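Inspection log for the structure reproduced underneath, given as structure tokens.
FYI, it's all coordinate maths here, none of it is from the lab. Nothing here was measured: the structure is a model prediction, and the numbers come from that model. For neighbour counting, all protein chains shown are included, and Cβ atoms are generated from backbone atoms with ideal geometry for every residue, glycine included.
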Amino acid sequence: MSEAEPLDAVVIGAGFAGLYMVYRLREQGFSVHGFERADGVGGTWYWNRYPGARCDSEIMYYSFSFLPDLEQEWPLTERYPAQPEILRYLETVASLLDLRKEFTFGAEVTAIEYDEAAGLWTLRTVDRKTGAGGTATARYVVTAVGCLSTANRPRFPGAGAFAGASLHTGDWPREPVDFTGKRVAVIGTGSSGIQAIPVIAAQAAHLTVFQRTAQFSVPAENGPLNEDMVALWRANYPEWRRRARHSPTGFPYVPSINLAADASEAERNRTYEAAWGTGGFTFLFGSFADIVVDEAANKTAADFVRGKIDEIVCDPDTAEMLKPRDFPIGTKRLPLDTHYYETFNRPNVTLVDLKRTPIEEITATGIRTSAGQHDLDMIVYATGYDALTGPLEALGIRGRGGLPLKDAWREGPRTYLGLAMPGFPNLFTITGPGSPSVLSNMPVSIEQHVEWIGDCLSVARERGTDVIEATEAAASAWTDHVQEVASVTLHPKAASWYMGANIPGKPRLFLPYIGGVGLYRDHCAAVAASGYEGFTMSGPHREDDGDGNRSADGRAA
């Protein structure tokens, strides 16, 4: 990378999105460089090394589709890949495509500022080991920072005084943590907590789970894959990929068209029982079509899961604490678990309901609730993330007129297609707010975004333009559309991180697009086919006047 010459593009992040974006732009002939705050590739799967960390997309779908040789060679061993396996996969991709040389690792991006006169973005970075600063300039910036990469760290009184080890599931040590003989607390029972709790319980002398909100969870039914099934997948990968791209959620499932409202109680219970035994998201997507749009239908599914909790958990009071009562099932991220509810039957596990007895203080020796002191050796914070907007706002982005992105989004994020924002020209976001992102199988959405952005930049180059910006009208219309589609469902009834409700002071609106991966793809394709309706393209930004001076040109393309 030359420091003297501005790059065509800078990509921030080296997970699925960043690796593919850098590769795509490099292959299209753009000068491109990536920055990654971790010491290696992996993105989410570099940081999330907590016990039990595992993908909730099946391994057959959780991979790139543009590497047909690798998809035939990569071992498909168990249904849901664990963190080490996904990290190995991304490291293999980086080696196969010779991508590491295109990145600066260990570089925290602290500011991204737009220079209107030059039509360039300047990035400022800090080396995480030495503290040395760095800069880079580029015409385009693409953020590939992930939707769930900025940890939510609640500020409990006295947290700094705790004498034991404090860990967060989103920023886990690289070396394994030994819980043997330890008194451990886990605060939070979202997806990360639900994965970690059974594993920690099997090691710790005693585990105390501090539950802020009871969660619906369904079995993952993880296990080894049948060799005949693997062979079938390999033989039919192109068709499975095609179906995934045009599906509602990025999975090649056949969604149910049956309605819970039309079924008898016996029919519903048989369907739910079969889906529960199958495991995975089949419980939501493969049972009934009206679960997330009809309250009465939703109640039948929620009651079934609450009944399962009663069947599994021996202590009635503990079972009651574990039953969600204040939001419809499926309106928060539905965790997939391995023996989560069963874990509360262990004699070394205690459940504390923080709605009954809230945390008053973290002390030097543990956690004090309104009911008393819990002495501890370790605290694991499984408190989630500042989803979708947090990773972007943390970059210190300033657009036209020095406007901070945080200020532009003071009342909530406004994007066009989840890809771009007015006032921030030549800045693109992969799986940003307003896209299917966290409501989809991420590699499918990532590939679609990367390919759309790459094609857009190629078209701009062919036209001789170099400034691309979403219009205010297009962003407002799309943001309204995202909310309108969400309002048809039960999702806004839940105080979820989909709504920004887990972060104090964060505006409440539905962040991802719930209209479906396939429909969203069609929207994006139509925008491109129309000549990028909703965007302005202008340039070339500057032209030489013959004397070495350059002047701005604002021609519309």
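For this structure, a couple of remarks:
- Here each label is just a point 7 Å from Cα along the line to Cβ, and for ASP375 and ALA473 those points are 7.0 nm apart.
- Amide H to amide H distances under 5 Å link TYR385 with ASN152, where only residues 5 or more positions off or on other chains count and H is placed in the peptide plane.
- Reachable aspartates and glutamates from LYS101, criterion Cα separation under 20 angstrom, eight or more residues apart if same chain: GLU3, GLU5, ASP8, GLU27, GLU36, ASP39, GLU91, ASP127
- With 30 Å as the limit, the listed pairs LYS182/LYS332; LYS182/LYS493; LYS129/LYS332; LYS308/LYS506; LYS182/LYS299; LYS332/LYS406 have LYS182/LYS332; LYS182/LYS493; LYS129/LYS332; LYS308/LYS506; LYS182/LYS299 beyond it between alpha carbons.
- Of ILE86, ALA529, ILE359, farthest towards positive along the dipole that unit charges on Lys, Arg, Asp, Glu beta carbons give the chain: ILE359
- Annotation: amide H of HIS168 within the under-5 Å range of TYR381, sequence separation 5 or more or interchain, hydrogens built in the peptide plane.
- Vicinal HN-Hα couplings computed from phi for region 429-438 (Karplus, 6.51 cos²θ - 1.76 cosθ + 1.60; Hz; Gly/Pro x): 10, 7, 6, x, x, x, 10, x, 5, 5
- Each residue of region 86-102 is assigned a 3J(HN,Hα), and the resulting list reads 5, 4, 4, 4, 5, 5, 5, 4, 4, 6, 4, 9, 6, 9, 4, 5, 8 Hz, derived from the Karplus form 6.51 cos²θ - 1.76 cosθ + 1.60 (θ = phi - 60°), x at Gly and Pro.
- Ellipsoid equivalent to region 159-381 - semi-axes via the Cα gyration tensor, in Å: 36, 22, 15
- Antiparallel DSSP beta bridges within the chain, as percent of all bridges there, nearest 5: 50 percent
- Extending 7 Å from the Cα toward the beta-carbon at both ALA501 and ARG124 defines two label points whose distance is 3.8 nm.
- For region 524-534, backbone phi angles converted through the Karplus equation (6.51, -1.76, 1.60; θ = phi - 60°) give residue-by-residue couplings of 5, 5, 5, 4, 5, 5, 7, x, 6, 4, x Hz, Gly and Pro being listed as x.
- From helices alone, the chain scores -9000 deg cm²/dmol at 222 nm; the rule is -39500 (n - 2.57) for each run of n ≥ 4 DSSP H residues, then divide by the residue total.
- Positive-end residue, region 159-381 charge dipole about Cα centroid, Cβ charges, pick of ALA302, GLN195, HIS339: GLN195
- Taking region 159-381 and dividing mean pair separation by its residue count, relative contact order in percent (alpha carbons under 8 Å, at least six apart): 36 percent
- Chymotrypsin sites (Phe, Trp or Tyr not before Pro) restricted to DSSP loop in region 10-78 with at most 11 other C-beta within 10 Å: none
- Longest exposed-site-free window of the chain, the sites being GluC sites (Glu not before Pro) in a DSSP loop that have at most 14 other C-beta atoms within 10 Å: 117-410
- Counting charges near TRP47 (Lys, Arg +1; Asp, Glu -1) among other residues having Cβ under 10 Å from its Cβ returns a value of +2.
- Counting only Cβ charges, +1 for Lys and Arg and -1 for Asp and Glu, the dipole size of the chain around its Cα centre is about 960 debye.
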